[in-house]
Amino acid sequence: MSGRVRLFGVEIDSIRMTEAVERIVEWCKSPQSQCRYVVTPNVDHTVLLQHDASLRAAYGDAAMVLADGWPVVLASRLLGKRLPERAPGSDLAPALFEVAEQFEQPLRVFLLGAAAGVGERAAVNIERRWPHVQITGVYSPPLGFEHDDDENQRILELIRQAAPQVLMVGLGAPKQEKWVHAHRDEISADAALCIGATIDFLAGEKSRAPNWMQRSGLEWLHRMASEPRRLCRRYARDAWVFPQLVWREWRTSH
Ligand code: UDP
């Protein structure tokens, strides 16, 4: 089994996307009582983690931690703890759907998150493009749902009834990681993937950066241009704090 590297206080799996997908398939074949979940740290999560103990706890109990952003991979190389490649949540979902084509039975998936109506549009697109994926449930929780016990129980019951193998959780960070962590004993799915805006991408609601931008590490620029009001301040803070984290890590390891 591939190892993990410790960076910025997080244990990150040193694996490629294909191996990550294989692992999730294995989880579906050998379910456990507790739902295993995947988180995908990018620069922003790494910065948030420094001052958020419950996000750190959620990361600590994740069954798989995949480096989402190229800066995290680049930093791992600068620090001599080489990660093989980035494995973003937005690529993980389609990569899993691709391998589902080889299964005897359709892969059962629940989409949790995104604005009202978006999950339904994503479901249509997914089932059209990957006929071996069956969307057994879709739900867009209302604002502030995470503080409402009744609503949380309702969501867990919806998931139970839909009996998915894989729960896609697109509630944004750090909400999605904390929600999955808090309810991991009650989520009836073999795997939960914390995947940010992926449901929007699959619905065609938001567009991902062109391939050349993804390959050259400029996906963040595309996202910032598409949501400048929300993301400008965040990226400015991250651009200030992340290099300091890299420097601190370098000093402690040299
Ligand atoms: N979202 C949601 N419920 C919430 C907050 C966010 O469903 O209470 C969804 C939102 O509609 C979008 C996704 O979470 O689909 C946000 O993903 P993104 O990766 O942009 O969030 P980030 O982690 O970057 O904040």
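All of the numbers you see were taken from the coordinates with simple rules; none came from a lab. The structure displayed is predicted, hence computed values, not measured ones. Don't worry about glycine lacking a Cβ; one is built from the backbone with ideal geometry, like all the others, and counts go over all protein chains shown.
Structure summary
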| quantity | calculated |
| --- | --- |
| Among F103, F201, F242: highest mean-square fluctuation, GNM of the chain, C-alpha pairs under 10 Å | F103 |
| Straight-distance crosslink candidates among lysines, where the alpha carbon sits under 30 Å from K29 and sequence neighbours closer than 8 are dropped | K175, K178 |
| Reachable aspartates and glutamates from K206, criterion Cα separation under 20 angstrom, eight or more residues apart if same chain | D44, D68, D91, E120, E127, E219, E227 |
| Between the range 25-97 and the range 176-254, the Cα center-to-center distance that results, in Å | 10 |
| Among E151, E205, E85, residue whose mean-square fluctuation peaks in a GNM of the chain (springs only between Cα atoms under 10 Å) | E151 |
| Per-residue HN-Hα couplings for the range 181-192 [Karplus 6.51, -1.76, 1.60; θ = phi - 60°; Hz; x = Gly/Pro] | 4, 5, 10, 4, 7, 10, 6, 8, 8, 6, 8, 10 |
| Estimated [θ] at 222 nm from DSSP helical runs (n ≥ 4, -39500 (n - 2.57)) normalised by residues in the chain, nearest 500 | -15000 deg cm²/dmol |
| Among A100, A58, A116: highest mean-square fluctuation, GNM of the chain, C-alpha pairs under 10 Å | A116 |
| Nonlocal amide H pairs with A192, under 5 Å, H built at 1.01 Å | R36, Y37, V38, L167 |
| Antiparallel DSSP beta bridges within the chain, percent to nearest 5 | 15 |
| Student exercise, the chain dipole from Lys, Arg, Asp, Glu Cβ charges, in Debye to nearest 20 | 1040 |
